[in-house]
Amino acid sequence: MKVLKNLPIQRVLFTAGLGMMIVLMAGCPQKSGNVTVLVTAGNGVPAVTEVSIADFVSLVLSVDSVKLLKSATDAKGVEVLNGPTDIDMVDLAGVWQVLDTSEVKVNTYTHISVNISAAALLVADGADEGGDPDTATVTIPEGGLVATIVQEVVVASEGSGLLSINLGGIHLTAPVAPATEFTLAVQATSAGLSTEAKTDVLAIGAVSAVDATAKTFTVTLGGAAATARGVTFDDTTVFIKEDGTAGTAADLTAATLNAYVLGSLAATGALTATDVALDDATEDAGVAVCHVFGDVPTAAGTAITASRSTAAAHLAHGDAAGDCIVE
């Protein structure tokens, strides 16, 4: 009290009040929950074009951001994707790709915003069966294409949840024939945050921290986010080597491998693998793949020559290695 004795009463009260404020703020830390973002193309990529949808080899979208908004006029939002990520919509027909896991402040959000900065389309060349696919130009608005979803998302501190976003409302319009230039439009939907595990989830990234005894490894997701995710496998997990032939867990040892992991994702973000397709990141040689779209039988597929990386993704979602077999 000797220190405060000669101070004016107003200053003493201010000093004491500031001390109480600091104590109160320190005693009430910000609460948050974990949100894992997944995207899918639904049952397929609808299109209004003169090119058959079955001829799409890949439709890669560069997703710059995914945000939770507190209102329709929220200009800032809360980012739940920590960096640009490329997703191939053809590989996501009936499959969910996990993008990132973020810590989000507890709150009720009313909208989800998805920003797409670029798109690249490869179309199979029917005149050159088994050859390289053709590149088509895809135009999006300057500054990116924003898909806004009106959906309540309640983030609680009690645990984690999966935010599943369906980008299946993709439309490619070709104003001029033949269809070599397209305009992209997107309609997205979401059911909000869920604590239920989701099956048919795809995680793509570099392999590390392989533990054969515990039957676990880590896959670091691609893109700027570079999020490490733990993967568990068992004796029923199917491993596919770079050339499309059957592999084993022992093939996980190469430091240069990327993995395309298909499995079940818990609300906590833990992934249990049913299928693991491996890709040697140092190899660039082409691989013959019979590409099928959705549930189209293999006999109706399109023969393509894909990079090892693309081939592994195609094999993970059901395409066949080698040429198409027509009976």
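None of the figures in this text is laboratory data; all of them are computed from the coordinates on show. None of the values given here were measured: they were computed from a predicted structure. Don't worry about glycine lacking a Cβ; one is built from the backbone with ideal geometry, like all the others, and counts go over all protein chains shown.
Under 5 Å from the amide H of residue 107 lie the amide H atoms of 155, each residue being 5 or more positions distant or on a separate chain, with H modelled from the backbone and absent for Pro and chain starts. Once the Cβ-Cβ distance of residue 73 and residue 135 is raised to the sixth power relative to R0 = 35 Å, the FRET efficiency obtained is 0.35.
Given 0.36 nm per residue, what is the gain on full extension from residue 194 to residue 266 after removing their alpha carbon distance, in nm? Spell out each step's value before the answer.
Numbers: separation 72, 0.36 × 72 = 25.92 nm, distance 1.00 nm.
Net length gain for the segment: 24.9 nm.
For 142, 152, the sequence from fewest to most other C-beta atoms within 10 Å is 142, 152. Put a dot 7 Å past the Cα of residue 152, heading toward its Cβ, do the same for residue 183, and the two dots end up 3.7 nm apart. For 95, 238, the sequence from fewest to most other C-beta atoms within 10 Å is 238, 95.
Subtracting the Cα-Cα distance of residue 212 and residue 234 from their residue separation scaled by 0.36 nm leaves 6.9 nm.
Which order do 170, 140 fall in if you start with the one that has the fewest other Cβ atoms within 10 Å?
On the way: 170 22, 140 18.
Going from least to most buried by this count: 140, 170.
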